[in-house]
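A short worksheet on the structure shown next.
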């Protein structure tokens, strides 16, 4: 990526670089080759570099061990005679069939009648040859390296002071925000590393809850985490690491001089959840999500606080029997209620025979004391009545 932004990774193990737009910048093809080879040697890597007007041809020349600089398509017919069919990446049966026909090189393939080659060898292989000689475009998937931010500040003195650590973190987060704006990207998770002399650094994982280019709320979360964090040794340096993602959400941003629209801002809700998690812990602040389960006590599960939402369950487009959001931790046995005329709705649940926790219940919504509404059921196995939930 240092030499061109157009890079493709070939599934067969080659790295394809489109360098046509980089030649003038690096002083020509030969100078660019020397820079790439020097970079490979520094990493103790061995590679065969080949250049051609098309990606397919460059890959074949490299696999043939021919480090030629083929600038124009006019040179390709001459070089194709030195490319054996064994390096084209075609199946062994295709290579054997070609050799039985006396075809050993790429040039020999091109001398065969096109219709006969397509019929006897396969149209896909004829299209590959056309891609190599520029008669047909070759679709390539460009490689996009993930964006990572890393920066570090060394402190003047060893310290346990939270304000000093917060000041260093704030400076790093400002640099992160500039980085995100420059790359038109956003982040939602930041790692803060507090380095010590002679021991492993202390790591704080800060989850902002939303993808954003702004980092002000992350600084507040770091402050909350430091209030509950005990340092094992004085800190000598602070580092910030973050991965950036394209196409951030700009819903929390407003134009200069224009106040945000009235109403609840979803971004503020997400930030509030992130602050609560930083102060109370992720295990104490979470969302709820529905499970595919008829038994009420097993019909929900813990979910991420930012995405977990309880919705009204539906069956065939119609709401199922109404259930309360407040369930007792365990059903409480009660006396038989007076169902008539207080009966609201009945629901029969028979489930769980496969896991040893089978239930057979008839549920009713009835009026309780002081105008409350109870969700009760009759156990069909022993005919006892139980209170299971309360409506709002």
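Considering 169, 189, the condition of being in a strand (DSSP E or B) and either modelled with pLDDT of 85 or more or not assigned by TED's automatic domain parsing to the domain that holds residue 233 (or both) is satisfied by 189 alone. Of the residues making up the stretch 359-389, those that are loosely packed, with under 15 Cβ neighbours inside 10 Å, more than 18 Å from residue 328 (Cβ to Cβ) and in contact with a strand residue (DSSP E or B) (Cβ under 7 Å, 6 or more places away or on another chain) are 380, 381. With the structure loaded, tell me whether residue 117 is assigned to a strand (DSSP E or B), at pLDDT 90 or above and within 30 Å of residue 10 (Cα to Cα) or whether it fails that test. In short, no. Taken together, 58, 62 contain a single residue that is in contact with a strand residue (DSSP E or B) (Cβ under 8 Å, 6 or more places away or on another chain), in a helix (DSSP H, G or I), within 24 Å of residue 2 (Cβ to Cβ) and modelled with pLDDT of 90 or more, which is 58. Given the condition touching a residue at least 60 places away in the same chain (Cβ under 8 Å), within 28 Å of the chain's Cα centre (by Cα), closer than 18 Å to residue 89 by Cα and outside any helix (DSSP H, G or I), answer yes or no: does some residue in the stretch 139-153 qualify? Yes: one or more hits. Scanning the stretch 136-166 for residues that are out of contact with any strand residue (DSSP E or B) (no Cβ under 9 Å at 6 or more places or on another chain), loosely packed, with under 14 Cβ neighbours inside 10 Å and either within 24 Å of residue 208 (Cα to Cα) or not assigned by TED's automatic domain parsing to the domain that holds residue 204 (or both) yields 137, 139, 163. Looking only at residues in the stretch 260-303 that are touching a strand residue (DSSP E or B) at 6+ places or on another chain (Cβ under 7 Å), outside any strand (DSSP E or B) and at pLDDT 80 or above, the one that is nearest to residue 210 (Cα to Cα) is 291.
The values are calculated or read from the model by the stated rules, or taken from the named source; none is laboratory data. What you are looking at is a predicted structure, and each value in this text was computed from that prediction instead of being measured. As a convention, Cβ positions derive from the backbone with ideal geometry for all residues, glycine included, and neighbour counts pool all protein chains shown.
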